[in-house]
C-alpha cells in the first residue's frame, strides 16, 4: 500500500470531523450550501435511478446530454445532479429539480449523502475520481461509470501515486467511456478493465447549440443592437481582460464603432479584477443595454454564454492566453461564430482537433493578438467561411450518447 494512500485514509476522516466547523470560515455564498457539502441532504422520498456528477459549469453541459440520453431509454427515470462549484450547481438547477452541491470527499459526507439519495447508479463526468465516494459506492453495491472520460498525463501520474488501492477502485468501474484513444490508454494504465473501457467521444458535443435562424433577432433577445455585428469575449480569466482591451484599442476607430462587444468572465469571483484590467487599458465598460461605440457590455452572470453565442459573429474563447488549458471552442463554433483562441488550449484537444481540421479556428499568440483580431473582424468573407465550417464540423461531432459503445456501457450500469 502506498504511503500517500495510507496518509489519505488517515486524513480523510479527520477532515470530515472538522468540516462542520468550516462553515464559520466560508464566505456568505459558500455557507448557503455548506450542509450539502457535508452530505446533509433531506432524505429523498424515493431513491434515484442515477446520480450524475459534473465538476463545474462546463461539465454541466455534458450532464444535460447524459440525462437526456438516459431518459430516452427510460422516460420515468429519476435523477439527482451534483456539481463541485456554485456556478455549476446553478446551471444544473435549470436542468433538473433535484440538484445539490457534491459532498466532500470524506467518509462522513459520503455516508450521509448516499443514505439520503440512495442512488441506483453513479455517473461521473470527465475526471471526477473521489476515493471516498467510490469506497461508499462499493459498500452500497452501486455501479459507477465514468463518461466523457478524460485523463491528462499529469492527472494520471498523480492518481498513480495512490497505488494499488486506487487501481482497485478504478478496476471496479463498470464502464469508462473515453473521449480519445489517448485518454483510453491512460485509463487502462490506471487500472480500468479493457473490456469495460471504450472510446465514445465527448458528451459536451451532444449539447452544442444550433445556429440561430435570425442572428439579429438573437441579439435583440439579449437587448443588444440587432443590426451591429457581435464579438463575444468568452470565459475570460485573469490577465486576459487587459490583453484583449489593448488589442481592441489597436483596431481602427471604424471597426470599434461598427462592432458591439460582450465580455463574460469565467468565474464571477474574478469578474471585478478582470474588468478593472480592461478599464485600466482604456476600454469603457457598461452593465446593461447595447454597448455604445467602442465600449464593452460586461455580464458576469452564470449560464449566459450560449445566449450570446447564438447572436455572435465572432468569439474569443478565454483561458487560452495563459496556461489555463482553455475552454470549449466548439460551443461558439456550433452556434455559428468564427472562433479565435490563444496558444494555451491543451485541455480542449478533441474540440480543437475538430475545428482545426475544418479550418474553423484562428489560433493566435499574445503578441499577434491585435493583428489577428483585426483580420478576423475586418475580413468578412474569411470570417463567414470559418463560421460556416465551424457549425458544420460541430454538427458532425454530435452523437456521442447515441454511439453503440456508449449505449451498451450505460446499459451495463443497470446490472
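The values are calculated or read from the model by the stated rules, or taken from the named source; none is laboratory data. As the structure is a computational prediction, the values presented were derived from the model and not from experiment. Neighbour counts run over all protein chains shown; Cβ positions are idealised from the backbone, glycine included.
Kindly evaluate residue 47 against the criterion of being within 24 Å of residue 121 (Cα to Cα) and in contact with a strand residue (DSSP E or B) (Cβ under 7 Å, 6 or more places away or on another chain).
Values: within 24 Å of residue 121 (Cα to Cα): yes; in contact with a strand residue (DSSP E or B) (Cβ under 7 Å, 6 or more places away or on another chain): no.
So residue 47 fails the test.
Quick one: is residue 162 farther than 27 Å from residue 391 by Cβ and buried (at least 16 other Cβ atoms within 10 Å of the Cβ)?
It is true that residue 162 is farther than 27 Å from residue 391 by Cβ and buried (at least 16 other Cβ atoms within 10 Å of the Cβ).
For (1) in the same structural domain as residue 300 (by TED's automatic domain parsing); (2) within 25 Å of the chain's Cα centre (by Cα), each residue gets a yes or a no:
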residue	(1), (2)
151	no, yes
156	no, yes
172	no, no
237	yes, yes
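Name the residues in region 309-330 that are assigned to a loop (DSSP other than H, G, I, E, B) and either touching a strand residue (DSSP E or B) at 6+ places or on another chain (Cβ under 8 Å) or modelled with pLDDT of 95 or more (or both), would you?
Within region 309-330, 310, 311, 312, 313, 318, 319, 320, 321, 326, 327, 328, 329 qualify.
Out of (1) more than 16 Å from residue 50 (Cβ to Cβ); (2) buried (at least 18 other Cβ atoms within 10 Å of the Cβ), the odd one out for residue 123 is which?
So residue 123 meets the others, but not (1).
Run down 213, 218, 185 and say which single residue is over 21 Å from the mean Cα position of the chain (by Cα), part of a helix (DSSP H, G or I) and more than 30 Å from residue 53 (Cβ to Cβ). I'd like the intermediate steps shown before the answer.
On the way: 213 fails: part of a helix (DSSP H, G or I); 185 fails: more than 30 Å from residue 53 (Cβ to Cβ).
Selected residue: 218, the only one of 213, 218, 185 that is over 21 Å from the mean Cα position of the chain (by Cα), part of a helix (DSSP H, G or I) and more than 30 Å from residue 53 (Cβ to Cβ).
Suppose we filter region 96-120 for residues that are closer than 22 Å to residue 167 by Cβ and surrounded by fewer than 23 Cβ atoms within 10 Å (Cβ to Cβ); how many remain?
Residues in region 96-120 being closer than 22 Å to residue 167 by Cβ and surrounded by fewer than 23 Cβ atoms within 10 Å (Cβ to Cβ): 2 in total.
The rows are residues; the columns are (1) outside any helix (DSSP H, G or I); (2) exposed (fewer than 15 other Cβ atoms within 10 Å of the Cβ).
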position	(1), (2)
273	no, yes
278	no, no
283	yes, no
290	yes, no
294	yes, no
297	yes, no
301	yes, yes
307	no, no
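Considering only region 331-364, how many residues are at pLDDT 95 or above and out of contact with any helix residue (DSSP H, G or I) (no Cβ under 9 Å at 6 or more places or on another chain)?
Summing the residues that are at pLDDT 95 or above and out of contact with any helix residue (DSSP H, G or I) (no Cβ under 9 Å at 6 or more places or on another chain) in region 331-364 gives 3.
Could you tell me whether any residue of region 392-415 is in contact with a strand residue (DSSP E or B) (Cβ under 8 Å, 6 or more places away or on another chain), modelled with pLDDT of 95 or more, buried (at least 23 other Cβ atoms within 10 Å of the Cβ) and over 20 Å from residue 57 (Cβ atoms)?
No, region 392-415 contains no residue that is in contact with a strand residue (DSSP E or B) (Cβ under 8 Å, 6 or more places away or on another chain), modelled with pLDDT of 95 or more, buried (at least 23 other Cβ atoms within 10 Å of the Cβ) and over 20 Å from residue 57 (Cβ atoms).
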